1. Would you kindly state how much longer the chain becomes between C:Phe15 and C:Arg39 on full extension, computed as 0.36 nm times their sequence separation minus their alpha carbon distance, in nm to one decimal?
2. Does segment C:34-173 come out rounded, prolate or oblate by the C-alpha gyration tensor, with a ≥ b ≥ c the root eigenvalues, rounded set by a/c under 1.5 and, if not, prolate when a/b is larger than b/c and oblate if not?
3. With point charges of +1 on the Cβ of Lys and Arg and -1 on the Cβ of Asp and Glu, referenced to the Cα centre of chain B, which listed residue (B:Phe47, B:Pro62, B:Tyr29) lies farthest in the positive direction of the dipole?
4. Whats the longest run of chain C with zero chymotrypsin sites (Phe, Trp or Tyr not before Pro) that are DSSP loop and have at most 11 other Cβ atoms within 10 Å?
5. Mind checking the mean number of beta-carbon atoms from other chains within 10 Å of the Cβ atoms in C:31-39?
6. For an R0 of 60 angstrom, estimate the FRET efficiency from the Cβ-Cβ distance between A:Asp139 and C:Ala56 and round to the nearest 0.05.
7. Which entries of C:Lys31/C:Lys272; B:Lys22/C:Lys31; B:Lys11/C:Lys31; B:Lys22/C:Lys60 have Cα-Cα distances beyond 24 Å here?
8. So the label point goes 7 Å from the Cα of B:Leu151 along Cα→C-beta, right? Which residues of segment B:157-173 then have their backbone N under 15 Å from it?
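Read-outs: derived from the displayed coordinates by stated rules, not from any lab. All values reported here derive from a predicted model rather than from experimental measurement. No Cβ is skipped: glycine too gets one built from the backbone with ideal geometry, and neighbour counts run over all protein chains shown.
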Amino acid sequence: MTLAAAAGTAAHATTTTAAAGTHGFLSPTGVEIAFLLVGLVTFGAAVITVTTRQLVHAALWLVVALGGLAVEYLLLTAEFIAWVQVLIYVGSVVVLLLFGLMLTRAPIGRSPDADSGNRPVALAVALAAAGTLVWVVTDAFRTTWIDLDGAPAGSTDVTGASLFQHWVLPFEALSVLLLAALVGAIVLSRKAKADAASDAADTRRDTEGTR
Amino acid sequence: MAPIPGSGLAKGLAVTLRTMTKKSVTAPYPDTQPDLPPRTRGVIGLFEENCTVCMLCARECPDWCIYIDSHKETVPAATPGGRDRSRNVLDRFAIDFSLCMYCGICIEVCPFDALFWSPEFEYAETDIRDLTHERDKLREWMWTVPAPPALDPGAEEPKELAAARKTADKLAAAQAEPQEGES
Amino acid sequence: MNDVLDVALRLLVVFVVFLTFPLIVGQTEHKVMAHMQGRLGPMYAGGFHGWAQLIADGVKFAQKEDVVPAGADRRIFQLAPAVALLPYLLVLLAIPIGPGEGAVGQVLDAGVFFVLAVMGVGVLGSLMAGWASANKFSLLGGLRTAAQLLSYELPMLLTAASVAMAAGTVSLVGILDAFEWWWLPWQITGALVFFIAGLAELQRPPFDMPVADSEIIFGAYTEYTGLRFALFLLAEYAGIVVLCGLTTVLFLGGWHGPWGADGLGWVWTLLKTAVLAFVVIWLRVTYPRMREDQLQKFSWTLLVPLSLAQIALTGVVKVVFL
């Protein structure tokens, strides 16, 4: 909705062009090295997030992981997604998470009961998901290079145009879904008269507002 | 008439803005001396010529911060065959201003008008013992005591003036009467 | 080499602005607040009307001992001021003060998004400080900060979206290029909502419940001393500069003015920003603090509907008249 006006120019249908002739699969340019390093940091932060015994530390490491992801998006020229990542995840979701933690119980130091005991299962699922993703993504893109002539595929212009010209229907369907979630949250909070539900409503509305 | 919504908020803004354009009331003290009202309780001065060492002030002081020492002297009889009189002589009179709470009771109870308020207030010290002002210093403060403020117009005459006038009038009347009889 | 020099110069200028403008706002606050209360304010530091008071304050802060409470989470406690301060520095990079490439730190395609996203990160600093201090007042302050941010972020985003709709772009420079004088009455509701919501995000009076000194001492910053405390204060004043600059750029037409827009555009921007900063101070002096529930109610029942109405108005005008 907010981007309807922004979607002015024509969509670049060809988001990426093959230029494998001049570049190898991994030729160490500055951007690639930066991408790898940030990736390592993001990965490390993510691992600490799920292994640390200190709840609030986990939430803050999550900030690092999500921020790292935003930087990766930036390096892939997806500027719009990067800022949305920061706005929604770092700015709102993590704040909400911390809010919830502080409201309930977040002692300074270790919480021994923070471990759910599902470690092997979680590890298996994580590895399977990671394996699938890596396989699919490398298989799909291989040595594809982003064409930097003209507006890059991830820029606000192109994203807006494709979102509101080619993908309007899914977009609106998603908004209806979010609206339903919002209404549901309000109904739940009315009936139960619990404050917790209104917090859920806040996030929903945040996501709605920034979409 | 119902007030316009938000008019109170606007009024508040107007008040602060108007205050900003006016001259501020702060007196930058060390640069300009404050304009103190008469009877300001700054420091206590001792008019030691009036003191009879009656000890009333020291006894009434709630903080016991007045120290008085004295001795008796005999004054030879003024007339031959008369009796020798004894007289109190002041040796020490000190007020410890680190204890004084400026209640002014000593000044109120003094029957001989030996203690006065002075508006001087700049006598801070770096050593607390220096806040005990001895007799000389207390006498010095007397020079800073302002003249008593004038009475309100139409106020009752001061007691001592009224008494003096009464006596003077009586005397005048007594002197006038015989003259009248003569003429 | 020239590019490197150019980037370095821009960063340096932004950094200098970041260090001086908050101090200017702070000193103005000292003096304006004093005179609004019939006082004189600082008069001695520096000789002329106490102009160096904040420098003296800075020296004082630097001399103080850096205390970390025994029960606190050391690392997070020490990191919090930086997290609170850095976002404003980043935001300052993207605010254009004049027309053309030369008057903005870095031209960003999604400027509005960048600015709002990064400003939202700053609150993490307060949350970290509130939690890591091991102090119940700090925790309460952190909680209030989070609650306030969650409710005031929405109207801010919605009104910014309204301007983006009007201009047809989310780039700050693009919005200013598209600006016409009649946007002022058109977007006035949005401007007011944006400014008020921004004040609440900065926790400035009358929205300073998270740091209400009469209730919770100083909220999340209770345990801080010395330089770290000074950094939090600097973040607050940098936030004022950023908010006023943003309001100027989004709603008041930035470098556009009745005359002299060609060479003196930056003067207009600075002038408007300064006037807004004065308003921030003025509001602080005039109004008492709002209660916590009033704060929430104000946002959800007044600001959000108003900003939605503004979006509707923008859409209608955009479709019907343009």
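1. 5.3 nm
2. oblate
3. Of the listed residues, the answer is B:Tyr29.
4. The longest such stretch corresponds to C:49-180.
5. The per-residue average across the peptide is 5.
6. Result of the calculation: an efficiency of 0.40.
7. B:Lys22/C:Lys60
8. B:157-167
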